[in-house]
Amino acid sequence: MSCKDSILIVDDALATLEVLQRNLSTHNYKVFTATSVDEAIRVLNEAPIDLIITDLKMPGASGLDLIKHARQNFKDTEVMMITGYASVDGAVQAVKSGAEEYLSKPFTDEELFTAVRRALEKLHRRRKKSSQSPKALKTPTDLIGESDAMKKIYKTISKAAATKATILIYGESGTGKELVARAIHYNSPRASAPFVPVNCGGIPEGLLESELFGYIKGAFTGATESRAGFFQTADGGTIFLDEISETSLAMQVKLLRVLQDKEVCMVGANRTRKVDVRIVAATNKNLAQLIEKNKFREDLFFRLNVITIDIPPLRDRGDDILLLAHHFAAKYAEEMGRSRLSFSDEALRLLQEYHWPGNVRELENVIQRLVVMAEGNVMDAPDLPSLMRFKALRGSGLNRTLAEVEAEYIHNVLESVDGNKTRAAEILGIDRKTLRGKLKRYSL
């Protein structure tokens, strides 16, 4: 065990603070003190603390309040309660609130040191377990990244894959929501069964029900034979409902029934059919805001929101941008039968500084274009798209009008999604009509 663990002692009795500080310092612990909960919280916000030793009764907020605050805001900190008002109820309350150890005054030095060692040893074991590399993901997808944000996602995938729980994935367009869904499926006990992706926003509302649940012969004009839907196709496996926020309220009611009863009713049928399907849904919109606007059902949200995975935008993933750039360069060079291509330092700098509104999808498109167009084996700054070089030259100077900045950003977003106005409007957070007006205004 390290002898440089940090301990925060909280007690309104100065004599007690002095004794505990002296005794613990002799064992080479780094000791902080506070005479109230408010002061303790300030210390916790300013310095990393391994163990809190707090008195129970103090003026103002109590030691129990501090324990609850620490448990809800400082996951990597242990808590120990000491009190001169020892009781069974007090001990039970302290443990329920999250205290690892409970000491009643007076206590001996040995009792104090033993309790501190136990609490810190438990903390170290938890940290060691947490720091271990997550189980390698067995997946055919291209999940690439070594940033802290991606490591957290890998851990969540490993845990989620082992369960049957419904999963809701959040992320901007192009961040790789389907890749995460596939990784969950192929690391789960359902890996040998189908993985069925469905773009809810890409299927007309009038056809979505029959596509999802299937239909029987004669259910409507043109239904010359019965046909299974995506849910039946995914039976035993996983169905991925992308852009779940684009479904109508009426369709959301039907999806809610599937989640509740594990049954689907084919269009035109009188009986439901049982299906064993794991549902993974995804959206690039804030469902809580849609609920407030009565555009998404709250009960469906609660059913979907069992395990949540937030995929960070590419601009927040640091050096992952470079890892992905090299990966895509090697991938497309191999496809084209070219020798391996490299990047100049300036090109790498521009790639890393660019905002990437289209995220990983945009980066892949850019690298593919570079590989196709490159004349040599080194991709340099002049080879990058004009919007990236323009950004590099103009920088973020404050001598441009708001209209100029807006026009440039809209241009960048459109180019990142290959001119797809619907996708660009989603990224910009406006509707297509507003986008058309801006395009006309700026002659884009």
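Could you list, ordered by first residue, the pairs with Cβ atoms under 9 Å in which the first is in region 196-211 and assigned by TED's automatic domain parsing to the domain that holds residue 248 and the second is modelled with pLDDT under 90 and assigned to a strand (DSSP E or B), at least 6 apart or interchain?
Final answer for the pair search is 209/215; 209/267; 210/227; 210/267.
If you scan region 160-177, which residues turn out to be charged (D, E, K, R) and either surrounded by 18 or more Cβ atoms within 10 Å (Cβ to Cβ) or within 14 Å of the chain's Cα centre (by Cα) (or both)?
Across region 160-177, the qualifying residues are 172, 177.
Could you grab me the full set of residues in region 103-126 that are closer than 27 Å to residue 151 by Cα and either in contact with a helix residue (DSSP H, G or I) (Cβ under 6 Å, 6 or more places away or on another chain) or surrounded by 12 or more Cβ atoms within 10 Å (Cβ to Cβ) (or both)?
Once the filter is applied, which keeps residues that are closer than 27 Å to residue 151 by Cα and either in contact with a helix residue (DSSP H, G or I) (Cβ under 6 Å, 6 or more places away or on another chain) or surrounded by 12 or more Cβ atoms within 10 Å (Cβ to Cβ) (or both), region 103-126 yields 120, 121, 122, 123, 124, 126.
When region 186-219 is examined, which residues are found to be of a type in the set (S, T, N, Q) and more than 23 Å from the chain's Cα centre (by Cα)?
192, 210
Can you pull out every residue in region 90-126 that is at pLDDT below 85, part of a helix (DSSP H, G or I), under 35 Å from the mean Cα position of the chain (by Cα) and within 25 Å of residue 15 (Cβ to Cβ)?
Residue satisfying the conditions is 94 alone.
I'd like the residue in region 297-307 that is of a type outside the set (A, V, I, L, M, F, W, C) and part of a helix (DSSP H, G or I) and, out of all such residues, is nearest to the chain's Cα centre (by Cα).
If we take residues in region 297-307 being of a type outside the set (A, V, I, L, M, F, W, C) and part of a helix (DSSP H, G or I), then 303 is nearest to the chain's Cα centre (by Cα).
If residue 75 meets every condition in (1) assigned to a helix (DSSP H, G or I); (2) free of Cβ contacts under 8 Å to residues at least 12 places away in the same chain apart from one, which number is that one?
Residue 75 satisfies every listed condition except (1).
Any residue that is of a type in the set (A, V, I, L, M), surrounded by fewer than 22 Cβ atoms within 10 Å (Cβ to Cβ) and in contact with a helix residue (DSSP H, G or I) (Cβ under 7 Å, 6 or more places away or on another chain) - is there at least one of those in region 178-193?
Yes, the conditions are met somewhere in region 178-193.
Looking at region 264-271, can you tell me whether even one residue there is within 30 Å of the chain's Cα centre (by Cα), outside the structural domain of residue 359 (by TED's automatic domain parsing), part of a strand (DSSP E or B) and touching a residue at least 24 places away in the same chain (Cβ under 8 Å)?
no
One line per residue, one yes/no per condition, for (1) β-branched (Val, Ile, Thr); (2) surrounded by fewer than 16 Cβ atoms within 10 Å (Cβ to Cβ); (3) more than 23 Å from residue 176 (Cβ to Cβ):
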site	(1), (2), (3)
258	yes, no, yes
267	yes, no, yes
277	yes, no, no
284	no, no, no
292	no, yes, yes
300	no, no, yes
303	no, no, yes
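Show the residue pairs meeting these rules: Cβ distance below 8 Å; 6+ apart or different chains; first residue within region 361-384 and modelled with pLDDT under 90; second residue basic (Lys, Arg) and exposed (fewer than 12 other Cβ atoms within 10 Å of the Cβ).
Pairs found: 377/340.
Those residues that are within 32 Å of the chain's Cα centre (by Cα), of a type in the set (Gly, Ala, Ser) and either part of a strand (DSSP E or B) or at pLDDT below 90 (or both), I need them from region 319-343; list them, please.
Result: 342, single match.
So, in region 275-291, how many residues would count as being touching a helix residue (DSSP H, G or I) at 6+ places or on another chain (Cβ under 9 Å) and not in a loop (DSSP other than H, G, I, E, B)?
So the answer is 10.
Just one of (1) out of contact with any strand residue (DSSP E or B) (no Cβ under 9 Å at 6 or more places or on another chain); (2) in a helix (DSSP H, G or I); (3) closer than 25 Å to residue 310 by Cα trips up residue 294, so point out which.
(2)
Filter region 217-255 down to the residues that are touching a Gly at 6+ places or on another chain (Cβ under 9 Å) and among the aromatic types (Phe, Trp, Tyr), then identify the one that is surrounded by the most Cβ atoms within 10 Å (Cβ to Cβ).
Ranking the candidates gives 231 first.
Check residue 377 against each of (1) under 31 Å from the mean Cα position of the chain (by Cα); (2) surrounded by fewer than 18 Cβ atoms within 10 Å (Cβ to Cβ) and name the one condition it does not meet.
It is condition (1) that residue 377 fails.
Output the residues belonging to region 40-64 that are surrounded by fewer than 16 Cβ atoms within 10 Å (Cβ to Cβ) and in a helix (DSSP H, G or I).
Selection gives 42, 45, 46.
Of the residues that sit in region 77-89 and are at pLDDT 80 or above and touching a helix residue (DSSP H, G or I) at 6+ places or on another chain (Cβ under 7 Å), which one is nearest to residue 15 (Cα to Cα)?
81
The values are calculated or read from the model by the stated rules, or taken from the named source; none is laboratory data. Here the structure is a predicted model, which means the values were calculated and not measured. Quick reminder, even Gly has a Cβ in these numbers, built from the backbone with ideal geometry, and neighbours come from all protein chains shown.
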